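The values are calculated or read from the model by the stated rules, or taken from the named source; none is laboratory data. Just so it is clear, the structure is predicted and the values come from calculations on it, not from any experiment. Here the Cβ is made from the backbone with ideal geometry for all residues, glycine too, and neighbour counts use every protein chain on show.
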Amino acid sequence: MTIKHLLTMRAPYKGKGDPWTKVCSSINWSNASLDFLGGKKGISGTFEYRTVCLHILSGILYNATHMKTVDYANEKLFEPLGIRKHVNCQAKSAEEHRQFTISRLPKENVWFSDRQGLGTAGYGLCMSAEDMAKIGLLCLNRGQYDGMQIVSASWIEEMTRARTVEGKHFRGMDYGYLWWIIDRTKHIYAAIGNSGNVIYINPDKKLVVAVASYFKPTVFDRVDFIQEHIEPFICAE
């Protein structure tokens, strides 16, 4: 299995659904997630959306850089983009963890992390819509921001290359490296959180729209709202 299997949601797992309780109550989330890799089907290349097991990527990043997730992000991404420094946030109990996800109160610049201080890869990064838009602009400009090449253009291209998603549960969207491809012909893509957080990028119209929201499960209408109301309003002649 490769890192690309994880980035494209095509890693094989045992069982069905996200093993939230078993991973989040473990001492080491990366190791617990690794234990769920495998299954009878093996590497089939089939799209299988899991969130919590992406914590394997946090462990890989730490082993490669010897930096905690938030420290690496602060140095390599947030600071060059002018995004305020983030710090780790840990829950002391399952109830604190739950409140973190469902609270409607504004949060500080934090990244939810495990006991080792590694940031959750699939959720838990708290950002303002303004800061999310900066990441969108970075992608729109092929890795450049304020005259600096922060991410290589080739990586942005590879990250957003459309890969077909099997099944009818994802509204006909394709997938890149943890980014949803809304329209492969127009190359419109977005980061879409289940809670309604979205970074929407339309290269043809040179448009970035960011939506920040508190957690609300099964929210799927954000892109529809952007395309039906925000995009026509901004791009109106």
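Among the residues of region 24-50, write down those that are more than 21 Å from Y177 (Cβ to Cβ), surrounded by fewer than 18 Cβ atoms within 10 Å (Cβ to Cβ) and either without any contact (Cβ under 8 Å) to a residue 60 or more places away in the chain or polar (S, T, N, Q) (or both).
S25, S26, N28, N31, D35, G38, G39, K40, K41, G42
Looking only at region 85-120, filter to residues that are at pLDDT below 95 and of a type in the set (K, R); which one of those is farthest from K134 (Cα to Cα)?
K92
Only one of (1) exposed (fewer than 14 other Cβ atoms within 10 Å of the Cβ); (2) in a helix (DSSP H, G or I) is not met by L61, so which one is it?
Just one mismatch for L61, condition (1).
Determine, yes or no, whether G176 is modelled with pLDDT under 95 and crowded, with 18+ Cβ neighbours inside 10 Å.
No.
Take the residues in region 217-237 that are assigned to a loop (DSSP other than H, G, I, E, B) and among the aliphatic types (A, V, I, L, M), then tell me which one is modelled with the highest pLDDT.
Ranking the qualifying residues of region 217-237, first place goes to A236.
Of the conditions (1) loosely packed, with under 11 Cβ neighbours inside 10 Å; (2) under 20 Å from T69 (Cα atoms), I135 clears all except one; give me its number.
Here I135 clears every test but (1).
Being under 21 Å from I201 (Cα atoms), crowded, with 17+ Cβ neighbours inside 10 Å and without any contact (Cβ under 8 Å) to a residue 40 or more places away in the chain narrows it down to one of G143, G122, so name that one.
None of the others qualify; the one that does is G143.
Looking at region 175-216 only, could you name the residues that are over 20 Å from A121 (Cα atoms) and not in a loop (DSSP other than H, G, I, E, B)?
Selection gives I182, D183, I188, I201, N202, L207, V208, V209.
Sort out which residues of region 160-179 are among the hydrophobic types (A, V, I, L, M, F, W, C) and without any contact (Cβ under 8 Å) to a residue 40 or more places away in the chain, and write them in order of number.
Passing the criteria: A162, M173, W179.
List every residue pair whose Cβ atoms lie under 8 Å apart, where the two residues are 6 or more positions apart in sequence or sit on different chains, the first residue falls within region 51-73 and is free of Cβ contacts under 8 Å to residues at least 40 places away in the same chain, and the second residue, located anywhere, is charged (D, E, K, R).
Pairs that qualify, where the first residue is free of Cβ contacts under 8 Å to residues at least 40 places away in the same chain and the partner is charged (D, E, K, R), are M67/E75.
Residues in region 1-20: is at least one modelled with pLDDT under 90, within 30 Å of G143 (Cβ to Cβ) and out of contact with any Cys (no Cβ under 9 Å at 6 or more places or on another chain)?
Yes: region 1-20 contains one or more residues that are modelled with pLDDT under 90, within 30 Å of G143 (Cβ to Cβ) and out of contact with any Cys (no Cβ under 9 Å at 6 or more places or on another chain).
Within region 84-125, restricting attention to residues that are acidic (D, E) and within 20 Å of I27 (Cα to Cα), which residue is farthest from the chain's Cα centre (by Cα)? Even if it seems obvious, please write down each step before you answer.
Here is the first cut: in region 84-125, the residues acidic (D, E) are 95-96, 108, 114.
Narrowing the set further to residues that are within 20 Å of I27 (Cα to Cα) leaves 95-96, 114.
Values: E95: 24, E96: 22, D114: 17 Å.
Restricting to residues being acidic (D, E) and within 20 Å of I27 (Cα to Cα), the top hit is E95.
Can you pull out the residues in region 205-216 that are modelled with pLDDT of 80 or more and either loosely packed, with under 11 Cβ neighbours inside 10 Å or within 22 Å of the chain's Cα centre (by Cα) (or both)?
Result: K206, L207, V208, V209, A210, V211, A212, S213.
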